[in-house]
Amino acid sequence: DQQVKQNSPSLSVQEGRISILNCDYTNSMFDYFLWYKKYPAEGPTFLISISSIKDKNEDGRFTVFLNKSAKHLSLHIVPSQPGDSAVYFCAASAGNTGNQFYFGTGTSLTVIP
Amino acid sequence: DTGVSQNPRHKITKRGQNVTFRCDPISEHNRLYWYRQTLGQGPEFLTYFQNEAQLEKSRLLSDRFSAERPKGSFSTLEIQRTEQGDSAMYLCASSLAQGAFGNTIYFGEGSWLTVV
């Protein structure tokens, strides 16, 4: 039962353009969402998070948008840089059982110089 | 500010052998998690500790797996009688839990296990 889904396994974007990575979830109890970036053979690195009381959170080039009614969140990277090339995972947790984080299967982003 | 530390980073073992991984969390973090990741998948939850108490275990954690966190500091994950299906990256993460809401978990670099 995949509660967090990333339906695009890969994405290619030109350097300087916007990268948009999408994530859908099924559990309406999820109230905290995170994005992680992962390079091969390394652990995931935390990028940005958003709680369900917000619909947008921004940190530098990274912005996460949350649409609760659609159970959808997205990560925008502007401008995209070659160093952003990595696998991006979204994750979600439910406050009342905030111990377990559910991850999507990841989207591999390639930023073309 | 040291991050989550895991060792060994890589382990190749023969089927049937036992292996143990160690995780040292970020020092002030009271929660520690173990996840497993295989190729093409996201991290899958295995178990979690709050201080020294193991509070939750996934059904993925078979009887051959055991995790401990003595004294609420470092943690070990032992896999007994390894099988080829155990080959994966084992990820440790930690967080400073301030209530159940909005905890961010920080991962270590992972321990690769290859069972031959």
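Pick from B:Leu46, B:Leu61: which is crowded, with 17+ Cβ neighbours inside 10 Å, within 13 Å of chain A (Cβ to nearest Cβ) and part of a strand (DSSP E or B)?
B:Leu46
Is it the case that A:Ile77 is within 13 Å of chain B (Cβ to nearest Cβ), within 24 Å of B:Gln37 (Cβ to Cβ) and surrounded by 18 or more Cβ atoms within 10 Å (Cβ to Cβ)?
Judged against the criteria, A:Ile77 is not a match.
Residues of segment A:23-32 being in contact (Cβ under 8 Å) with a residue 60 or more places away in the chain and away from chain B (no Cβ under 11 Å), which ones?
A:Tyr25, A:Asn27, A:Met29, A:Phe30
Of the residues that make up segment A:43-63, is at least one more than 10 Å from chain B (Cβ to nearest Cβ), within 10 Å of the chain's Cα centre (by Cα) and among the hydroxyl-bearing types (Ser, Thr, Tyr)?
Among the residues of segment A:43-63, at least one is more than 10 Å from chain B (Cβ to nearest Cβ), within 10 Å of the chain's Cα centre (by Cα) and among the hydroxyl-bearing types (Ser, Thr, Tyr), which makes the answer yes.
Could we say that B:Ser66 is free of Cβ contacts under 8 Å to residues at least 24 places away in the same chain, assigned to a loop (DSSP other than H, G, I, E, B), farther than 17 Å from A:Pro44 by Cα and more than 10 Å from chain A (Cβ to nearest Cβ) here?
no
Mind listing just one residue for me: the one in segment A:1-19 that is surrounded by 14 or more Cβ atoms within 10 Å (Cβ to Cβ) and not in a loop (DSSP other than H, G, I, E, B) and, of those, nearest to the other protein chains (Cβ to nearest Cβ)?
Among those residues, the one meeting the criterion is A:Val4.
Applying the selection to segment B:22-43, what residues are outside any loop (DSSP other than H, G, I, E, B) and either within 13 Å of chain A (Cβ to nearest Cβ) or at pLDDT below 95 (or both)?
Selection gives B:Cys23, B:Arg31, B:Leu32, B:Tyr33, B:Trp34, B:Tyr35, B:Arg36, B:Gln37.
The values are calculated or read from the model by the stated rules, or taken from the named source; none is laboratory data. Bear in mind that the values here come from a model prediction, so they are computed numbers and not experimental data. In this analysis, Cβ positions are derived from the backbone assuming ideal geometry, glycine residues included, and neighbour counts consider all displayed protein chains.
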